[in-house]
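Student: Would you mind keeping the following structure in view while I ask a few things?
The values are calculated or read from the model by the stated rules, or taken from the named source; none is laboratory data. Bear in mind that the values here come from a model prediction, so they are computed numbers and not experimental data. As a convention, Cβ positions derive from the backbone with ideal geometry for all residues, glycine included, and neighbour counts pool all protein chains shown.
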């Protein structure tokens, strides 16, 4: 069983709160630089595209997108602390809202591209999160997500606190299929994101 510190860490990763959550968000920006860069390469944002970062955290991925392309960006995150940090980073260049992915209003979007980085761990068994993401995509749009591989996560005590779903490639594909994506429209690739750390990059098209 994970200890109290690991349980608290898992809770903050699920929904950062207060100063500890803000500091953790900054640390995660550094830890996730490699997977964020790989995901944005796969997404390949283009000028003029409407882009959603679902679970935007401190806005690091959105800032990286805007360095590459002049996109019309929106970021959502259930954590007010993360939205505040993203506002400090991005100013008025991006529309930001403290919203859960599952609660994304149908009136928001549609988007040409969606990033879902390190958030699929928190999808429940109903498929509601992925259905909301698919609903927000324009026809022909693409979703790019990232999750650390189950075999790596199982070595980390916070991942045993019961707040994170763990994925290998087949289970990640299954999650997206449950949310309405056709199996033929989903591709998953494994990647190395750090010493001994394996990740999963997924792309699904509407």
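Student: May I ask you to verify whether residue 11 is more than 24 Å from residue 194 (Cα to Cα), modelled with pLDDT under 95 and surrounded by fewer than 21 Cβ atoms within 10 Å (Cβ to Cβ)? First the steps, then the outcome.
Tutor: Details: more than 24 Å from residue 194 (Cα to Cα): no; modelled with pLDDT under 95: yes; surrounded by fewer than 21 Cβ atoms within 10 Å (Cβ to Cβ): yes.
No, not satisfied.
Student: In addition: Any chance region 127-150 includes a residue that's touching a helix residue (DSSP H, G or I) at 6+ places or on another chain (Cβ under 7 Å), in a helix (DSSP H, G or I), in contact (Cβ under 8 Å) with a residue 60 or more places away in the chain and closer than 27 Å to residue 71 by Cα?
Tutor: Within region 127-150 (the criterion being touching a helix residue (DSSP H, G or I) at 6+ places or on another chain (Cβ under 7 Å), in a helix (DSSP H, G or I), in contact (Cβ under 8 Å) with a residue 60 or more places away in the chain and closer than 27 Å to residue 71 by Cα), the answer is yes, since at least one residue qualifies.
Student: Give just the number: which of (1) in contact with a helix residue (DSSP H, G or I) (Cβ under 8 Å, 6 or more places away or on another chain); (2) more than 22 Å from residue 148 (Cα to Cα); (3) assigned to a strand (DSSP E or B) does residue 93 not satisfy?
Tutor: Of the numbered conditions (1) in contact with a helix residue (DSSP H, G or I) (Cβ under 8 Å, 6 or more places away or on another chain); (2) more than 22 Å from residue 148 (Cα to Cα); (3) assigned to a strand (DSSP E or B), the odd one out for residue 93 is (3).
Student: What is the residue count in region 184-196 for residues that are surrounded by fewer than 18 Cβ atoms within 10 Å (Cβ to Cβ) and closer than 19 Å to residue 40 by Cβ?
Tutor: So the answer is 6.
Student: Follow-up. From 39, 85, grab the single residue that is within 21 Å of residue 187 (Cβ to Cβ) and either touching a strand residue (DSSP E or B) at 6+ places or on another chain (Cβ under 7 Å) or crowded, with 19+ Cβ neighbours inside 10 Å (or both). Even if it seems obvious, please write down each step before you answer.
Tutor: Values: 85 fails: within 21 Å of residue 187 (Cβ to Cβ).
The match here is 39.
Student: Okay, moving on. Which numbered condition trips up residue 175, out of (1) more than 16 Å from residue 116 (Cβ to Cβ); (2) surrounded by 16 or more Cβ atoms within 10 Å (Cβ to Cβ); (3) touching a residue at least 40 places away in the same chain (Cβ under 8 Å)?
Tutor: Result: residue 175 passes all but (1).
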